[in-house]
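Below is one structure, written out as structure tokens; comments come after it.
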């Protein structure tokens, strides 16, 4: 989806955008080399308080129990399970094979529960080893004591801020030269510097890995980007390398894990899919092969171009990422991004320091004008499991 179209999904406060480097980029140069950096500015920005930035993520709990020993009959009331994590007395569980509902009576240990059998219309019976019982709510008797509390233990995630610096400089003679075409050379050089700065931040937001080291006697830190947080913190199924061909069924299966985990307060099934040129072509060809179209006499154009596609579980809005097209490997990849889970945290917002221009002192006597953009930030990803990383788009197939 073109960046301009995506802006219709957000209510943009113009005054707010004027105060943000990323926000100004999305107004004056939407897309380009830094769509993730720009779009993340719309989903929220915050203040980092130190170089080591910690934040908490908390995921909704959906309890289940997996039997590790068969229940021989409908009389046994002690079940041996893989784990009783998040299981409480009073919880109701349903065996996914027989349909029998049991109510938890006690939780005597980390791998055993005692239950009331056949709580419902389906009579108690034998249940095989390996069967999963899923929680379907709880039930308590009249005048019951207050139940134990269930906690969603937050997970602490650490990231580092990263300092990004880009400079521009022109000899004084060039600043006095009137170009034959175009605007002023200093303005053009400053614009180029801004785009380089945004592109460097974009690369880190996607590919960065957290580190800390000493360079020239000073501490240098780098941040974890989207791919790394998905690799470390999301289930393995959120990262997929596709085969020689990919059909719609395979594409949907690769994208589905991004909808399996819900963060408190968020239940969106809308995703941005950042794609390289090859990945975009393959996805469009999957769409073409998944239906039929006709070319009739007299037409002056033909073909299909998809900017959005839907699966049974979500909607994906395609944005071709110019950065991905800089090499064949990245061109074949795609990132499914849940923007509501990402937030930029600034230790130092973007600062522009110039020298040698009107009312600004010359820098150490050099006969030139120039400046430096400096930004120090990190990123919060409160739901890594909502994002998808796909590698190896090669060719489309029907199916």
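Data table
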quantity: Matching entry among 392, 399 (being surrounded by fewer than 16 Cβ atoms within 10 Å (Cβ to Cβ) and under 21 Å from residue 251 (Cα atoms)); calculated: 399
quantity: Candidates 351, 359, filtered to the one that is at pLDDT 90 or above, surrounded by fewer than 16 Cβ atoms within 10 Å (Cβ to Cβ) and over 30 Å from residue 279 (Cα atoms); calculated: 351
quantity: Tally of residues being under 8 Å from the mean Cα position of the chain (by Cα) and over 19 Å from residue 203 (Cβ atoms) across region 373-383; calculated: 1
quantity: Boolean, residue 336 is crowded, with 16+ Cβ neighbours inside 10 Å, touching a strand residue (DSSP E or B) at 6+ places or on another chain (Cβ under 9 Å) and either closer than 30 Å to residue 173 by Cα or modelled with pLDDT of 95 or more (or both); calculated: yes
quantity: In region 252-262, residue modelled with the lowest pLDDT [restricted to those that are surrounded by 19 or more Cβ atoms within 10 Å (Cβ to Cβ) and over 14 Å from residue 332 (Cβ atoms)]; calculated: 259
quantity: Residue that is within 25 Å of residue 275 (Cα to Cα), surrounded by fewer than 18 Cβ atoms within 10 Å (Cβ to Cβ), in the same structural domain as residue 208 (by TED's automatic domain parsing) and touching a strand residue (DSSP E or B) at 6+ places or on another chain (Cβ under 8 Å), where the choices are 372, 326, 308, 378; calculated: 308
quantity: Meets criteria (closer than 19 Å to residue 50 by Cβ and crowded, with 18+ Cβ neighbours inside 10 Å) for residue 223; calculated: yes
quantity: Residue match in region 291-311 (condition: more than 29 Å from residue 207 (Cα to Cα), assigned to a loop (DSSP other than H, G, I, E, B) and in contact (Cβ under 8 Å) with a residue 40 or more places away in the chain); calculated: no
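The values are calculated or read from the model by the stated rules, or taken from the named source; none is laboratory data. Because the structure is predicted, anything quoted here is derived from the model rather than measured. Quick reminder, even Gly has a Cβ in these numbers, built from the backbone with ideal geometry, and neighbours come from all protein chains shown.
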